[in-house]
Structure formats: structure tokens, C-alpha cells
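The values are calculated or read from the model by the stated rules, or taken from the named source; none is laboratory data. Keep in mind that what you see is a predicted model, and the values were worked out from it rather than measured. As a convention, Cβ positions derive from the backbone with ideal geometry for all residues, glycine included, and neighbour counts pool all protein chains shown. Note: areas computed on protein heavy atoms with side chains; ligands, DNA, RNA excluded. Shrake-Rupley method; radii C 1.70, N 1.55, O 1.52, S 1.80 Å.
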Amino acid sequence: HVQLVESGGGSVQIGGSLRLSCTGFGNIGRVDCMGWFRQVPGKERESVAVIRSDESTSHRSSLVARFTISKDNPRNTLYLQIGTAKPEDTAMYYCAASQGRVTLRDCNLGSSVPFSKWGRGTQVTVS
């Protein structure tokens, strides 16, 4: 049994900061690509950021200045640091991990990344 569990969500003031965590439990196996996503009711889920095995990252252009993805491999934990929070950041945030081999180039913000493990999400509300 393998699962990803997000935590750290909640309410935050406009302009405030928040750090989300995603911890993997069980034998996850090889993970070449991990990412954060967010979704609001009635809208399509969107990529926030991804991080690769070489520690390189990609962030959605509109969020680069305020969001930072990182990971702690020994702890099997992925993080998303949110700074200068805005009301439009309000969403359910999900973490995901890839399956099989994913090249560095293929670990990106596109929709074709083979993410096979997903957390159940953590709600972030900015007001």
C-alpha cells in the first residue's frame, strides 16, 4: 500500500505565507518527477510546479515569484512554500509522484507527465 498525504493547508491572511507538505508512506519505489497541482470548483486542475531527480524545478510563470517547490528525499517529503498569498491562490492543493522512468526533459508542467500517485489534497484559503 502506497499513499501520499498532504498537510499544512488552512486559512492564511492576504500577504501571508504557508508551507504545504506531502509525505509518502509505504514503498513508493522509483520517483523521477513530483509535482504540486491546485484546483478550484468548476475549473480545470492546473500545474503549480514540478521537481526532478536532479533537484531542478519548474514553476508556473505566474507563480514563480511567490511559490517554491522543494523536497527532502530522506524524509520522503515534498514541500510547497507559498509566499505573499493572494485570494486567487485559494484552492485544493494536490501532490503527485510519477511512475516508471521519466526523463528530466519530460518532467515538466505539461499534461503528459505520467503521475500515478496522488494525494487527497489539502485546502488553502486566502482571505
Self-check item: Considering residues of the range 65-76 that are modelled with pLDDT of 95 or more and open to solvent by 70 Å² or more (accessible area, probe 1.4 Å) only, the residue nearest to residue 35 (Cα to Cα)
Solution: 68
Quiz item: What is the residue count in the range 41-58 for residues that are in contact (Cβ under 8 Å) with a residue 24 or more places away in the chain and either touching a Lys or Arg at 6+ places or on another chain (Cβ under 8 Å) or part of a strand (DSSP E or B) (or both)?
Solution: 8
Quiz item: Could you list, in sequence order, the residues of the range 82-93 that are closer than 16 Å to residue 40 by Cβ and either free of Cβ contacts under 8 Å to residues at least 60 places away in the same chain or open to solvent by 50 Å² or more (accessible area, probe 1.4 Å) (or both)?
Solution: 86, 87, 88, 89, 90, 91, 92
Quiz item: Is it the case that residue 79 is modelled with pLDDT of 95 or more, surrounded by fewer than 21 Cβ atoms within 10 Å (Cβ to Cβ) and in a strand (DSSP E or B)?
Solution: yes
Quiz item: Is it fair to say residue 49 is touching a helix residue (DSSP H, G or I) at 6+ places or on another chain (Cβ under 8 Å) and farther than 13 Å from residue 124 by Cα?
Solution: yes
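If I filter the range 1-53 down to residues being of a type in the set (Lys, Arg) and more than 16 Å from the chain's Cα centre (by Cα), which single residue comes out as surrounded by the fewest Cβ atoms within 10 Å (Cβ to Cβ)?
If we filter the range 1-53 for residues that are of a type in the set (Lys, Arg), which is where we start, we get 19, 30, 38, 43, 45, 52.
From the residues that got through so far, the ones that are more than 16 Å from the chain's Cα centre (by Cα) too are 30, 43.
On the way: 30: 11, 43: 9.
In this case the residue turns out to be 43.
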Quiz item: Can you spot a residue in the range 102-115 that is farther than 16 Å from residue 17 by Cβ, open to solvent by 80 Å² or more (accessible area, probe 1.4 Å), in a loop (DSSP other than H, G, I, E, B) and hydroxyl-bearing (Ser, Thr, Tyr)?
Solution: yes
Quiz item: Here are 38, 19: which of them is out of contact with any Asp or Glu (no Cβ under 8 Å at 6 or more places or on another chain), outside any loop (DSSP other than H, G, I, E, B), closer than 13 Å to residue 122 by Cα and at pLDDT 95 or above?
Solution: 19
